[in-house]
Every structure is written in C-alpha cells, then in structure tokens.
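> One structure follows; several queries about it will come next.
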Amino acid sequence: MTRSLNGQVLFAFALLALNTIYASQIFQMERPFASGEPGPAFLPMLLCGFVYIAMIRILLTEWRAEPAARPAVMQSDVIPKLQLVGPVGAIALIALFIIGFFYAGYVVAASLYTFTIAFFFNHEQNADWKRALVLGVVTSVVITSFGWLFFVKLFDLYLPMWEF
Amino acid sequence: MIAELANGFLSLAHPVTFLYLVGGFLLGLIFGAIPGLTATLAIALLLPFTFGMAVSDALVMVAGIYMAGIYSGSITGITLNIPGAPSGAITTIEGNALMKKGEGMQALGMSALSSSIGGLIGTVVLITLAQPISSIALLFQTPDKFSLVLLAVVTVTIVSSGSLLKATTAMAIGLMISTVGMDPMAPVGRFDFGSYHLIEGVNLLPAVIGLFAVCEMIAQSGMSAKLGQVERLANVQKPRRKDFIPHRERIREVGLFNYIKSSVIGVVIGMLPGGGASMASFIAYAEAKRSAKKPEKFGNGSYEGLAASESSNNAMCGGAVIPLLTMGIPGDAVTAIIFGVLLIHGLVPGPALLGENFGVIAPMFAALFVASIFVFLSVLAFGPLYLRLSQINRGFLYAFIGLISMVGVYASSFSIFQMWMALAIGVLAFLMRTFGYPVVPALMGIILGPFFEEFLRRSLIVSKGDPTIFLQSPASLVLLILTGIFIWLLRIRPARQAKRQEGGVPS
C-alpha cells in the first residue's frame, strides 16, 4: 500500500467520516448561547472541531513522514494471513453469536460460539484439528454449563431460549 | 462512638455475619476479576437478596464486595492485560509489563499489598474524620468540580504513551460517545438518529466490555500462539505462596510516602461526587510519575506506578462512603446502590444517620477494615491460581471471556442492542489500538464525559458564558494550575529535553 493510502490514513479518513456523521446531528440542535446558555450543542461542537483539526494534522504528518519499514509480524504456521483472518473472523463470530442468542437462545448460540473460539485457538496453536475438535467440544460444554449455572441458577437472571 | 465501633468489630465475630463478609468478599473477587462483570453489578444483583437480611449483615456483605471488587479489577489486568474493572486500567499498564518481564508474582503481591494499605487508610479516615472531611468536600462549587474533572481528563491523556495528538483524539472520541443519549441538563435526546435504543445512551458496561474484553479477543485472534509462548517464557517458574509477598527492596522502591500520598489522593477523590476509583487511580498514578525518581520506568513496569494506582483506588472506597453516610451524597455507582440498600431497610443516608444509627452502620466500617486485610491474604491464598490465568488454554480462556462478557452485557440490561454496542465499541477500540490511539483515554472520556459536560455547562450558565469563572474560585484556580504543572512536567519538559538531546548528538 502506498504512503498516501496506508492503514493510518484510511483510519484517519474513517474517523473523519464518523465525525462528519456526528457533526450532522449538531446542526439539528439549538445554536450554543442562542438563549444565553451553552446548550446541548456546546461541548459536541468543541469536540467535533477538535477532531477535524486533529485528523487533518495526523493526515499531514502521515503524508510528510518518511516511509517507515513495516514491523515484522510473527506469522502463523497454520492459518495464512492470521492478523487479518483472525480479527475479521472474530468480529463475524461475535456478530453471529448476538444474532443466534436472540433467535436460537442461549444454549445453542453459546455452545456454537464457545466451540468455534476454542477450536480456532487450539487449532492455530497445535495444528492438530482432531485435538482442537475434542478441546472445542469440552470447552463448549464446560463454559456453556457454567454460564447457565452462574446467570440463571445462581442469580436467577433471564436468558433467551428458543424464541423463534 | 468508640464503644459502638468496638461492637461493630465484635459483630464480625458472629459466624453468620462473618460468613456474609467472606461470601461478599469472594463474590467481589470473582466479579471484579472477570472482565465485564463489576463490583457494581455484583452489588446490584445482591440488592433484591438484602430484603431478607439484617441491615448490618447486608452492609457487611456490600462492604466485602466493594473492597474486593475494586482490588480484583487488577488481577486479570496484570495477568491477561484485560482489567476486570475500569479501576484496574492503570494497574494493567504497569502490572502486565511486569508480568511479561516474569515478575507477575511480585506484581500481584504488590497490587494486593498496596490495595490493603489503601483500603486500611481509607477506612481509618472514614472512621475518624467522616464528618469534618465531608463538609470540606461539600464546599466544592461547580467550577471546582469541573476543574477537577479537567485535571483527570488531561492527566489521563498526557500519561498515555505514544502520540499526544492521538491520545487527545481518543479522549475526544470517548467524550463524544458520552454525549449520545439524553442531554444531562435538558430533556432532549442527542445523537440518537431517531433510535429509541440510542436515547438511553451508551451504558458503561458495554463500553468497558467493548474497549477491553471484545477488543482483546479480536486482537488475540490475530496473534499467533507462538507470540504468546515467547511472552510466557519468562514466567516458567513454579509459584510458591511466599513469592507473592513483595520483596523489601520493592517496598522501599515504592516508599511509605508514596503509599500514604496515593491513599490520601484516593480518599479525597472518593469523597468528591463523581470521583470514583478510576479517577483516583489515574491522578495518583500521574502524581507518582511526576515525583518518581525513575519516571522512565512508568509504562514499562513500574512498582511505584502500580502501587500508587492500587493504593488510591482502594482508599477511595472509604472516601466514597463519607459523603454518602454524612450528607446522603453517593460518590460513585457502588455507593449509589449502597444508598438503595439503606433505603430498603428504612434508613435515610444523611447528617442524622450516623448520630441515630451508628450502631447499625459500625459493622460496615469494621467490614471495610477487615476486608482490606483480606485483600492481602487473598493473594497469598489464591495467588498461584491468579497466575495460572496466563497459562491456561487460550481457547478456553477466550471462549470464557467472550461468552461471559457478552452475556454479562445482556444480563445487566436485558438488551440485545447493548450487545451490538459492545461489539461496535470493541471493533473501534481494536482499530484504535492497531493504529496507535490509546484506549484508556477513550474510556475515561466515556466515564467522565457526563460530569465534564454538566459541570462545564452549569459553570457557564452561572457566569453567563464568562470562562473566567474557573479562575475566580481558589480551589478551581489551584486545580487548573496543577493541571498546567502536570502538562509541563509530564509532556512539555520531557519533549524539550528529548529535542535538546537529539540536537546535541553529532550527526
């Protein structure tokens, strides 16, 4: 990736976009001190202005900086491009867990979620899918049961169950 | 009063009351140590159960949870780099760095010892100076409170390592998140985009879970287990209980004055409404760094920093109870729930409470004192167990954290939306961490944001928009000068020195 469009720059642009979405709401509020008081828009306006200035400075610094050598990342022997695949997979898995938790209930969602996490980490560590499978199942049963006993039995909290 | 206090201590000798104390302490230890679960949540969950308990027993149990919950936030912070509670965030910086150096046992021991000392000092102050000190704290006007929050906000930002601009941006992002929802001073929804979910704002629990637990899980999923093995090589040593007792030279390195100073900071901040354990630990840490003989060790595993943070956040427990009991003003979320416990039993916190019901409250004072001692004993009893948290199977560990923290978010609010919020904040925190934006200032922005905004706006309303109001009150002026001194000592002077050294080096 070029210096003009590296990760730092892309993230700064993403923050700029989020800041603009935030700013769009400020204009729906009363102007600060319009009625003699700072009002709800006062602090958000200051923060928004600061973030614009900060992002522009960060972008300029990034574009002016000498290209730095990319730090060496310890690669996985088992999963190629782990530093990308892992986080994207984890985010997707948590999202699927939330959806599953709502529709399929605690037991199903928690079992599959904990099994997948345990399988992933164990497989990446040992490159042995059979061992990872066994550890995944054991982990899933133990943690799902613990969660059930802890939240439902000990504290009598409600967790969703099969609510299609 | 002394006789009633003695009776309070004696009441702990009753087996049932003592069991409530131990039970509360263990509950606080578990809730504080598990990321996403907090002492606040533990006490909140306990609230319905207190109906059937004697008020003294309920207060004893709450005291046990409070002291243990504030301390144990540091355990997973040190061992796993995930603070169990926001108050453990600063301890995490130093404690986990020590853990990676192979000094995890000493870090855990120092954390427990400092927490014990802080807890004891806080309780002694509570017992002896409750009324006079709370009346001083109540003299703080709104501009003074704003300057105090500003001091905390600025301090957190400047003590972050790396780019100051990125740290300030992270703080601003945290403050922006705190503005989502109902306006603190007017019945107006802000930044809700028409969603009734967003009207209630971003709760603290999903924010903490997102910033620490979800972010850590995402980050770990992108790291090879080989890296973890390299980090753990330094820790291959069979833990013995005596290894958790801090060495004399480490205690000397921290210094008695540092323990006392940090504890006093914790007590004072605890007394101020809106203070809380996080602010106490941040300010004590910054002060310890300012006065340290070796400030360069801060951020890389400093016992001074760790001890300052831990002494102050446990000392805060005693401090926070002072305005609650004497004036009916809770200092933080936990004391707000203690307020509820008292009300459930027909006791109204306020000036008359200690005068008329000291005998009922005294066991709670005694429980805070004894629980402080339990903190150090707990590391001797469970220390090896804490340490093994870093050696347990990664799959098991992250499956546990991933499930308990997300279900914990749901259990605290019964809202699927808050689970999505935790994920969204977790993704943002992961990206921030990846690109060098520190996460802790963002958390402080979220925690302190409502107070920051309310005190700022109230002050400006009183002064009709004149910002010099912050210079007119002596307390506010002192706090602003202190903020300036902190900026000078922790950022400007080191930057100038570094520049001068760079200029002196021949090319």
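> Pull up segment A:73-109, narrow it to residues that are among the aromatic types (Phe, Trp, Tyr) and surrounded by fewer than 16 Cβ atoms within 10 Å (Cβ to Cβ), then point me to the one that is farthest from the other protein chains (Cβ to nearest Cβ).
Within segment A:73-109, the first condition is being among the aromatic types (Phe, Trp, Tyr), and the residues that meet it are A:97, A:101-103, A:106.
From what's left, surrounded by fewer than 16 Cβ atoms within 10 Å (Cβ to Cβ): A:102-103.
Details: A:Phe102: 5, A:Tyr103: 10 Å.
Among residues in segment A:73-109 that are among the aromatic types (Phe, Trp, Tyr) and surrounded by fewer than 16 Cβ atoms within 10 Å (Cβ to Cβ), the one farthest from the other protein chains (Cβ to nearest Cβ) is A:Tyr103.
> In segment A:133-147, which residue that is in contact with a Phe, Trp or Tyr (Cβ under 7 Å, 6 or more places away or on another chain) and surrounded by fewer than 22 Cβ atoms within 10 Å (Cβ to Cβ) is nearest to A:Ser76 (Cα to Cα)?
Going through the qualifying residues, I end up with A:Leu133.
> Go through the residues of segment B:358-367 one by one and say whether even a single one is within 22 Å of B:Thr179 (Cα to Cα) and aromatic (Phe, Trp, Tyr).
Taking every residue of segment B:358-367 in turn, none turns out to be within 22 Å of B:Thr179 (Cα to Cα) and aromatic (Phe, Trp, Tyr).
> Further question: Could you identify the single residue in B:Gly104, B:Gly119 that is under 19 Å from the mean Cα position of the chain (by Cα) and surrounded by 24 or more Cβ atoms within 10 Å (Cβ to Cβ)?
Testing whether each residue is under 19 Å from the mean Cα position of the chain (by Cα) and surrounded by 24 or more Cβ atoms within 10 Å (Cβ to Cβ) leaves just B:Gly119.
> Sticking with this structure for a sec: Keeping to segment B:402-429, report how many residues are in a helix (DSSP H, G or I) and at the interface with another protein chain (Cβ under 9 Å from one of its Cβ atoms). Before the answer, list the steps.
Start the filter on segment B:402-429 by keeping residues that are in a helix (DSSP H, G or I), which leaves B:402-413, B:416-429.
Subset that is at the interface with another protein chain (Cβ under 9 Å from one of its Cβ atoms): B:402-404, B:406-408, B:410-411, B:416, B:419-420, B:422-423, B:426-428.
Total satisfying the criteria: 16.
> Any residue at all in segment A:41-60 that's at pLDDT below 90 and either surrounded by fewer than 12 Cβ atoms within 10 Å (Cβ to Cβ) or in contact with a Gly (Cβ under 8 Å, 6 or more places away or on another chain) (or both)?
Scanning segment A:41-60 turns up no residue that is at pLDDT below 90 and either surrounded by fewer than 12 Cβ atoms within 10 Å (Cβ to Cβ) or in contact with a Gly (Cβ under 8 Å, 6 or more places away or on another chain) (or both).
> Out of curiosity, is A:Phe151 crowded, with 18+ Cβ neighbours inside 10 Å and either assigned by TED's automatic domain parsing to the domain that holds A:Gly7 or over 23 Å from the mean Cα position of the chain (by Cα) (or both)?
yes
> If you don't mind, there's one more thing I want to ask. Only one of B:Leu477, B:Leu448 is part of a helix (DSSP H, G or I) and at pLDDT 90 or above. Can you tell me which?
Among B:Leu477, B:Leu448, only B:Leu477 is part of a helix (DSSP H, G or I) and at pLDDT 90 or above.
> Across segment B:416-455, what is the total count of residues that are free of Cβ contacts under 8 Å to residues at least 24 places away in the same chain and more than 20 Å from A:Gln83 (Cα to Cα)?
Residues in segment B:416-455 being free of Cβ contacts under 8 Å to residues at least 24 places away in the same chain and more than 20 Å from A:Gln83 (Cα to Cα): 2 in total.
> Identify all residues within segment B:155-208 that are assigned to a helix (DSSP H, G or I), at pLDDT below 85 and buried (at least 17 other Cβ atoms within 10 Å of the Cβ); write none if there are none.
If the condition is that a residue be assigned to a helix (DSSP H, G or I), at pLDDT below 85 and buried (at least 17 other Cβ atoms within 10 Å of the Cβ), then B:Thr155, B:Val156, B:Thr157, B:Ile158, B:Val159, B:Leu204, B:Leu205, B:Pro206, B:Ala207, B:Val208 are the ones that fit.
> Follow-up. Checking B:Leu385 against (1) without any contact (Cβ under 8 Å) to a residue 60 or more places away in the chain; (2) within 14 Å of chain A (Cβ to nearest Cβ): exactly one of these is not met. Which one?
(2)
The values are calculated or read from the model by the stated rules, or taken from the named source; none is laboratory data. Please read these numbers as outputs of a predicted model, since none were measured by experiment. Because the Cβ atoms are built from the backbone with ideal geometry, glycine has one as well, and the counts that use them run over all protein chains shown.
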